[in-house]
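The structure appears right after this line, and notes come after that.
The values are calculated or read from the model by the stated rules, or taken from the named source; none is laboratory data. For clarity, every value in this text was computed on a predicted model and none was experimentally measured. All Cβ positions, glycine included, derive from the backbone under ideal geometry; neighbour counts span all protein chains shown.
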Amino acid sequence: MDSAKPAKLLRVYLNENDQFKHQPLYVALVHLLRSKGIATATATRTLSGSDSLAQRSFRRVWPLATLSLVVECLDEATRVNEVLPAVLQMVQDRPCIVLDGQMWSERRSKY
């Protein structure tokens with residue numbers, strides 16, 4: 001394994017009803033991140049949470065409630081910085097965070 005490289009973790013908090021050009025926003029984000037060659041891009045549906053408007057979402061209590069989602073990507077800092085403006089334009093007012101860190105990983109070719 002190579003030595004550590006400066007990395008960034010981008011985390012975007014969404015609602016499952018968020019849309020971008022007639023498709024779910026989380027699908028559009030993961031597609032964008034993968035098309036730009038970001039090392040990892042994952043969308044995760046949460047069990048419970050609240051969005052920026054403090055609307056709680058508990059599927060078990062309210063079966064028709066919309067759930068929160070988190071889209072994360074991790075890569076070298078320069079690569080995340082390159083894709084960040086496009087992501088921010090897509091998510092508009094949804095909460096986002098970028099965390100600095102170190103990444104230990106060998107970049108593998110696409111399969």
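A few points about this structure:
- Subset of the stretch 1-37 [within 14 Å of Arg94 (Cβ to Cβ), at pLDDT below 95 and aliphatic (A, V, I, L, M)]: Leu14
- Looking at the stretch 53-111, the strands (runs of 3 or more DSSP E) lying wholly inside it that each contain 3 or more residues that are at pLDDT below 95, at negative phi and surrounded by 15 or more Cβ atoms within 10 Å (Cβ to Cβ) sit at 68-76.
- Hits in the stretch 2-38 - residues which are on the phi > 0 side of the Ramachandran plot and touching a residue at least 12 places away in the same chain (Cβ under 8 Å): Gly37
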